[in-house]
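Bear in mind these aren't lab numbers, they're just calculated from the coordinates by the rules spelled out. Since the structure is predicted, the reported quantities are computational estimates derived from the model, not experimental observations. A quick note on method: Cβ atoms are made from the backbone with ideal geometry, for glycine too, and the neighbour counts reach across all protein chains shown.
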Amino acid sequence: MTDDCIFCRIARGDLGTPFVAESEHNVAFRDLAPQAPTHVLVVSRQHLTSLQDAVPQHVGIVADALVLAAEVARQEGLLESGYRVITNDGPDAGQTVHHLHFHV
Ligand code: 5GP
Ligand code: ZN
C-alpha cells in the first residue's frame, strides 16, 4: 500500500468512500465519474500497478476480483440484462489510475 495512491487510500478506508461490496482481496465502490447507469470499480486491497503486474502468486487476488464483479452485477440487478467487466492496462488503453482495478 502506498500513501500517494488514491485507490490504496480508498481501499483501506482512509477517505470514507462507501463500499457497495467487499471480499477478502478486493473492495467495490462507485466510480466518481460514471460512464454508464451502473459503474462500479473493483479494486484490489494490495497495490498492483495493473494486470501486467500480476504473477501466479496473485491468482487469488485476480480471481477474487472477478467473482466480486459478478456479485456486484447481481446486487445491481444486472444479471439478466447483462454487464461488462473490463480493465485498462497502460496508456493506449487509457489507464489513468495506476492501481489494479476492474470496471463493472
Ligand atoms: P482507468 O481510466 O484507470 O481505467 O479508471 C480509473 C477510474 O477511476 C475512472 O473511471 C475515474 O472516474 C475513477 N476515479 C478516479 N479517481 C477516483 C476517486 O477518487 N474516487 C472514485 N470513486 N473514482 C475515481
Ligand atoms: Zn495503490
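The condition of being under 12 Å from the mean Cα position of the chain (by Cα), farther than 17 Å from LEU100 by Cβ and not small (Gly, Ala, Ser) holds for only one of VAL67, VAL20, that being VAL20. Checking each residue of segment 85-101 against the condition of being more than 13 Å from ligand 1 (Cβ to nearest atom) and more than 15 Å from ASN26 (Cβ to Cβ) gives no match.
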